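Enquirer: Below is a structure I'd like to ask you about.
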Amino acid sequence: MIDKVIGIETSGETCAIAVSNGGTIRTSVEVAPQRHNEVLLPKLETLLEEAALAIADAELVAFGHGPGAFTGVRLAASVAQGLAMPHQVPVAGVSTLAVIAEGAVRRGLGSYIAVATDARRQQIYCGLYAKGGQGVTPYSPDCLLDPEKFKLPHTHQWQLVGNGWDRYRDRFQIDTQTLHTAIDAVPDATDVITLGIAAHRHGQSSQAEFAAPIYLRDP
């Protein structure tokens with residue numbers, strides 16, 4: 001079983017890092033808009049020291065591959081690649097929206113999570129996820145939409161998570177009473193590790209040189 005894992009998530013305003021070793025996960029989440037490149041490596045070095053984990057001994061580097069801010073998702077991919085490549089450690093990119101959904105499930109907010117985050121330009125990144133045995137599973141693909149075009153299936157009771165719900169509240173074609181249950185949440189690298197391990201188990205990790213961001217919008 002994989003245990004020694006590094007997780008990185010920098011797609012938004014927060015810089016989230018986690019290191020797993022010996023059954024313990026150490027995390028750091030810091031709001032650092034436009035300062036991710038200053039915060040990420042020093043925080044990671046501190047966590048690695050606390051976890052007594054050398055990068056060469058890591059079994060997996062997981063990172064949030066987006067969607068999100070272009071600079072942030074590029075940074076996560078490039079740092080994951082830079083850490084993993086010299087030591088031939090596999091990498092696993094995971095959806096930032098899935099990371100937010102996994103965090104909601106972990107906190108007991110529900111089994112069906114609708115994530116909407118502000119994509120700027122009056123649009124949202126959105127994804128639907130269901131609780132799974134080894135992390136959330138996609139109910140529908142992540143996408144970039146105008147809020148008016150978002151459709152929420154009536155087949156389940158959905159928990160609405162992410163800053164997009166409140167940001168574009170007046171534009172969603174959904175019962176506004178439902179929207180009052182929306183919870184703003186930021187991605188946590190603990191959940192990057194969970195989803196990264198699940199991806200690795202399903203053969204979805206890769207060699208470091210293939211680490212790449214996913215934008216959904218042309219950069």
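The values are calculated or read from the model by the stated rules, or taken from the named source; none is laboratory data. Model, not experiment: these values are computed from the prediction. Virtual Cβ from ideal backbone geometry, glycine too; neighbours counted across all protein chains shown. Areas reflect the complete protein model, heavy atoms only, side chains present, ligands, DNA and RNA absent. Shrake-Rupley method; radii C 1.70, N 1.55, O 1.52, S 1.80 Å.
Enquirer: Taking every pair of alpha-carbon atoms in the stretch 123-163, what share in percent sits in each 5 Å bin, from 0 to the bin with the longest distance?
Expert: Going out from 0 Å in 5 Å bins, the stretch 123-163 shows 6, 19, 30, 28, 13, 3, 1 percent.
Enquirer: Cα-Cα pairs above 23 Å in the chain: how many percent?
Expert: 42 percent
Enquirer: In µm²/s, what is D for the stretch 49-136 at 4 °C and 1.567 mPa s, where D = kT/(6 pi eta Rh) by Stokes-Einstein and Rh is the Kirkwood radius from Cα pairs?
Expert: D, rounded to a whole number, is 89 µm²/s.
Enquirer: Please give the contour-minus-distance gain from H202 to R121: 0.36 nm per residue of separation, less the Cα-Cα distance, rounded to one decimal in nm.
Expert: Full extension from H202 to R121 adds 25.6 nm.
Enquirer: Kindly give the semi-axes, whole Å and largest first, of the ellipsoid equivalent to the stretch 1-65, taking each as the square root of 5 times a Cα gyration tensor eigenvalue.
Expert: 21, 12, 9
Enquirer: Do me a favour and compute the ellipsoid semi-axes for the stretch 105-219 from its Cα gyration tensor, root of five times each eigenvalue, largest one first, whole Å. Kindly include the intermediate steps, with their values, before the conclusion.
Expert: On the way: eigenvalues 130, 65, 28 Å².
Ellipsoid half-lengths, sorted descending, are 26, 18, 12 Å.
Enquirer: So how much slack lies between T155 and T181, counting 0.36 nm per residue of separation and subtracting their Cα-Cα distance, in nm?
Expert: My answer for the length gained is 7.6 nm.
Enquirer: Something else now. Based on DSSP H runs of at least 4 residues, each adding -39500 (n - 2.57), what is the mean residue ellipticity at 222 nm of the chain after dividing by all its residues, to the nearest 500 deg cm²/dmol?
Expert: Estimated from H runs of four or more residues: -9000 deg cm²/dmol.
Enquirer: Here's a follow-up. Considering the Cα trace of the stretch 159-219, what is its radius of gyration and what is Dmax, both in angstroms?
Expert: Looking at the stretch 159-219, its Cα Rg and Dmax stand at 16.5, 47 Å.
Enquirer: Tell me which trypsin sites (Lys or Arg not before Pro) from the stretch 15-120 have a DSSP coil assignment and no more than 15 other beta carbons within 10 Å of their own.
Expert: Listed in order of number, the matching sites are R35, R107, R120.
Enquirer: Under a 1.4 angstrom probe, counting protein chains only, how are F210, F63 ranked by accessible area, largest first? Write down the numbers at each step before the final one.
Expert: On the way: F210 135, F63 5 Å².
Most to least solvent-accessible, the answer reads F210, F63.
Enquirer: Subtracting the Cα-Cα distance from 0.36 nm times the residue separation, let me have the gained length for E148 to E45 in nm, one decimal.
Expert: 32.7 nm is the gain from fully extending E148 to E45.
Enquirer: Once both axes come from the Cα atoms, what is the angle between helix 96-106 and the longest principal axis of the chain, in degrees from 0 to 90, rounded to 10?
Expert: With both axes taken from Cα atoms, the answer is about 90 degrees.
Enquirer: How would C143, C15 line up by accessible area, probe 1.4 Å, largest first?
Expert: Listed by decreasing accessible area, they come as C143, C15.
Enquirer: Just tell me which lysines come within less than 24 Å, Cα to Cα, of K43; anything on the same chain fewer than 8 places away is out.
Expert: Cross-link targets: K4.
Enquirer: Which number do you get for Rg(Cα) / (2.2 N^0.38 Å) in the stretch 101-143?
Expert: Rounded to two decimals, the normalised Rg is 1.20.
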